[in-house]
Amino acid sequence: MEVERVQEIASNLSKGTIPEEFIRTMTEQPGLTTVQGTVLEVPIIDLRDPDEQKVLKAIDDASRNWGMFQVTNHGIPEESIRNFQEVGKFFFELPQEEKEVYAKPEGSKSIEGYGTKLQRELEGKKAWVDHLFHKIWPPSEINYQFWPKNPPSYREANEEYTKHMHGVVNKLLRLFSLGLGLEEHEVKKAVGGDDLVYLLKINYYPPCPRPDLALGVPAHTDMSAMTILVPNDVQGLQASKDGQWYDVKYIPNALIIHVGDQLEIVSNGKYKSVLHRSTVNKEKARISWPIFFEPPADLEVGPHPKLINEGNPPKYKTKKFSDYCYCELNKIPQ
Ligand SMILES: O=C(O)CCC(=O)C(=O)O
Ligand SMILES: [Fe+2]
């Protein structure tokens with residue numbers, strides 16, 4: 001089946017208008033629903049701060065109150081981030097037929113490949129974004145058929161970034177564990193230990209003549225345990241707090257961390273999976289690179305036994321991660 005990519009739609013528009021199916025309802029239009037001025041801000045945390053208790057408290061507070069924070073001084077070299085971003089951008093700037101070689105195969109059960117969200121969402125609206133999904137860790141999970149061969153440095157840049165990512169992931173999972181009052185390895189173990197899967201998504205949001213009316217990725221929480229995202233320098237990510245939408249300030253080389261659904265479940269609701277969405281830009285393409293850190297498909301995830309007791313009964317069911325995703329994607333109540 002031929003799918004029309006948003007990138008193609010965007011390049012063939014008549015001036016100043018967008019197709020009706022991209023115009024969001026009044027309750028979603030970013031022009032009407034974004035808090036203006038910096039009233040509140042997603043917390044920014046310096047991971048190199050020698051006062052570990054302070055870092056721990058900041059991450060714990062951010063995970064309880066926002067479910068999102070940014071980290072600086074995380075140890076990933078700027079050059080590695082830059083190379084990783086450059087090769088992804090290069091892929092999306094290839095001619096359409098070269099990108100289609102990596103298209104998600106029809107009928108495939110896996111999410112991997114180049115794509116555009118096919119099913120229309122609630123209210124029949126479409127998202128202003130194309131994407132590429134592929135796993136980057138562990139090696140046994142990787143399907144290189146979905147890794148672009150062009151540019152030739154694509155693989156090396158992704159491997160280098162992944163290599164640096166391990167340290168940050170372990171550090172954050174350890175801090176979440178301690179913040180929840182668990183032993184330092186317990187959160188990682190609960191979400192898969194060394195079998196934790198790293199799933200990369202690249203979002204490509206073409207310039208949009210009506211960024212006030214359209215949305216990139218509409219409001220959602222991530223199904224992962226945790227997500228680590230780097231954007232390009234175009235503002236666009238928004239986080240919801242207490243029913244309001246706030247812009248997440250772009251900070252060069254910072255990593256944006258989301259608490260995902262599985263960490264909310266393991267924590268029995270102490271940490272909040274952040275509701276977020278992305279807006280688009282009138283002149284510039286926005287690109288973002290989230291990595292979803294996910295339990296292996298067959299792992300059962302539920303509230304950690306040490307975090308439940310008579311006064312604190314489990315607020316979530318324990319279920320296989322694959323079953324959780326199935327229910328989420330098919331809008332079946334969890
Ligand atoms: O582009 C962004 O900043 C957010 C993307 C996102 O939330 C997602 O792909 O799950
Ligand atoms: Fe997301």
Every residue from the stretch 266-295 that is touching a Gly at 6+ places or on another chain (Cβ under 8 Å) and either of a type in the set (Gly, Ala, Ser) or more than 24 Å from Asp60 (Cα to Cα) (or both): Ser273, Ser278, Thr279, Val280, Asn281, Arg286, Ile287, Ser288, Trp289
Failed item in (1) under 30 Å from Ser14 (Cβ atoms); (2) more than 9 Å from ligand 1 (Cβ to nearest atom); (3) not in a loop (DSSP other than H, G, I, E, B), with Gln238 passing the rest: (2)
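Going residue by residue through the stretch 142-152, is there one that turns out to be closer than 30 Å to Ser267 by Cα and either modelled with pLDDT of 95 or more or crowded, with 18+ Cβ neighbours inside 10 Å (or both)? Walk me through how you get there before you give the answer.
Going through the stretch 142-152, the residues closer than 30 Å to Ser267 by Cα turn out to be 142.
Adding the requirement that they be either modelled with pLDDT of 95 or more or crowded, with 18+ Cβ neighbours inside 10 Å (or both) leaves 142.
Yes: the stretch 142-152 contains one or more residues that are closer than 30 Å to Ser267 by Cα and either modelled with pLDDT of 95 or more or crowded, with 18+ Cβ neighbours inside 10 Å (or both).
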Among residues of the stretch 188-209, those that are more than 13 Å from ligand 1 (Cβ to nearest atom) and closer than 11 Å to Ile136 by Cβ, counted: 2
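So which residues in the stretch 287-310 are within 13 Å of ligand 2 (Cβ to nearest atom) and out of contact with any helix residue (DSSP H, G or I) (no Cβ under 8 Å at 6 or more places or on another chain)? Before the answer, list the steps.
First pass over the stretch 287-310, keeping only residues within 13 Å of ligand 2 (Cβ to nearest atom): 288-294.
Those that are within 13 Å of ligand 2 (Cβ to nearest atom) and out of contact with any helix residue (DSSP H, G or I) (no Cβ under 8 Å at 6 or more places or on another chain): Ser288, Pro290, Phe292.
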Close pairs from the stretch 257-281: first on the phi > 0 side of the Ramachandran plot and at pLDDT below 95, partner in a loop (DSSP other than H, G, I, E, B) and within 15 Å of ligand 1 (Cβ to nearest atom), Cβ under 8 Å, at least 6 apart: none
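Within the stretch 287-322, can you find the residues that are among the acidic types (Asp, Glu) and either in a loop (DSSP other than H, G, I, E, B) or under 20 Å from the mean Cα position of the chain (by Cα) (or both)?
Start the filter on the stretch 287-322 by keeping residues that are among the acidic types (Asp, Glu), which leaves 294, 298, 300, 310.
Within the stretch 287-322, Glu294, Asp298, Glu310 meet the criteria.
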Pairs, first closer than 22 Å to Thr27 by Cβ and more than 16 Å from ligand 2 (Cβ to nearest atom) in the stretch 194-215, second at pLDDT 95 or above and acidic (Asp, Glu), C-beta under 9 Å, six or more apart: none
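Checking the conditions here, which among Pro303, Pro295, Pro314 is crowded, with 21+ Cβ neighbours inside 10 Å, more than 27 Å from Tyr161 (Cβ to Cβ), modelled with pLDDT of 95 or more and more than 16 Å from ligand 1 (Cβ to nearest atom)? Reasoning before the result, please.
Details: Pro295 fails: more than 27 Å from Tyr161 (Cβ to Cβ); Pro314 fails: crowded, with 21+ Cβ neighbours inside 10 Å.
From the options Pro303, Pro295, Pro314, the qualifying one is Pro303.
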Residue identified as in a loop (DSSP other than H, G, I, E, B) and surrounded by 14 or more Cβ atoms within 10 Å (Cβ to Cβ) among Ile18, Ile9: Ile18
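Considering only the stretch 229-250, state which residues are under 11 Å from the mean Cα position of the chain (by Cα) and either farther than 19 Å from Leu200 by Cα or within 11 Å of ligand 2 (Cβ to nearest atom) (or both). Steps first, answer last, please.
Here is the first cut: in the stretch 229-250, the residues under 11 Å from the mean Cα position of the chain (by Cα) are 229-231, 237.
Result: Leu229, Leu237.
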Cβ-Cβ under 8 Å pairs, at least 6 apart or on other chains, the stretch 236-249 side under 14 Å from Ser288 (Cα atoms), far side among the small types (Gly, Ala, Ser): Gly236/Gly216; Gly236/Ser278; Gly236/Ser288; Leu237/Ser278; Leu237/Ser288; Gln238/Ser278; Val248/Ala239
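If we keep just the residues of the stretch 256-283 that are among the small types (Gly, Ala, Ser) and in contact with a strand residue (DSSP E or B) (Cβ under 9 Å, 6 or more places away or on another chain), which is nearest to Leu215 (Cα to Cα)? I'd like the intermediate steps shown before the answer.
At the first step, the residues of the stretch 256-283 found to be among the small types (Gly, Ala, Ser) are 260, 267, 269, 273, 278.
Still in the running and in contact with a strand residue (DSSP E or B) (Cβ under 9 Å, 6 or more places away or on another chain): 260, 267, 273, 278.
Values: Gly260: 21, Ser267: 31, Ser273: 20, Ser278: 6 Å.
The residue in question is Ser278.
Looking at Gly107, Gly67, Gly88, which one is out of contact with any Cys (no Cβ under 9 Å at 6 or more places or on another chain), surrounded by 13 or more Cβ atoms within 10 Å (Cβ to Cβ) and on the phi > 0 side of the Ramachandran plot?
On the way: Gly107 fails: surrounded by 13 or more Cβ atoms within 10 Å (Cβ to Cβ); Gly88 fails: on the phi > 0 side of the Ramachandran plot.
When all the criteria are applied, what remains is Gly67.
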Leu172 vs. criteria surrounded by 19 or more Cβ atoms within 10 Å (Cβ to Cβ), part of a strand (DSSP E or B), among the aliphatic types (A, V, I, L, M) and under 17 Å from the mean Cα position of the chain (by Cα): no
Residue list for the stretch 216-235, restricted to those being in a strand (DSSP E or B) and either near ligand 1 (Cβ under 8 Å from one of its atoms) or modelled with pLDDT under 95 (or both): His220, Thr227, Leu229, Pro231
In the stretch 251-286, the residues that are in a loop (DSSP other than H, G, I, E, B), away from ligand 2 (no atom under 16 Å from the Cβ) and touching a Pro at 6+ places or on another chain (Cβ under 9 Å): Ser267, Asn268, Gly269, Asn281, Lys282, Glu283, Lys284, Ala285
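The values are calculated or read from the model by the stated rules, or taken from the named source; none is laboratory data. Bear in mind the structure is a predicted one, so any value in this text is a computation, not a measurement. As a convention, Cβ positions derive from the backbone with ideal geometry for all residues, glycine included, and neighbour counts pool all protein chains shown.
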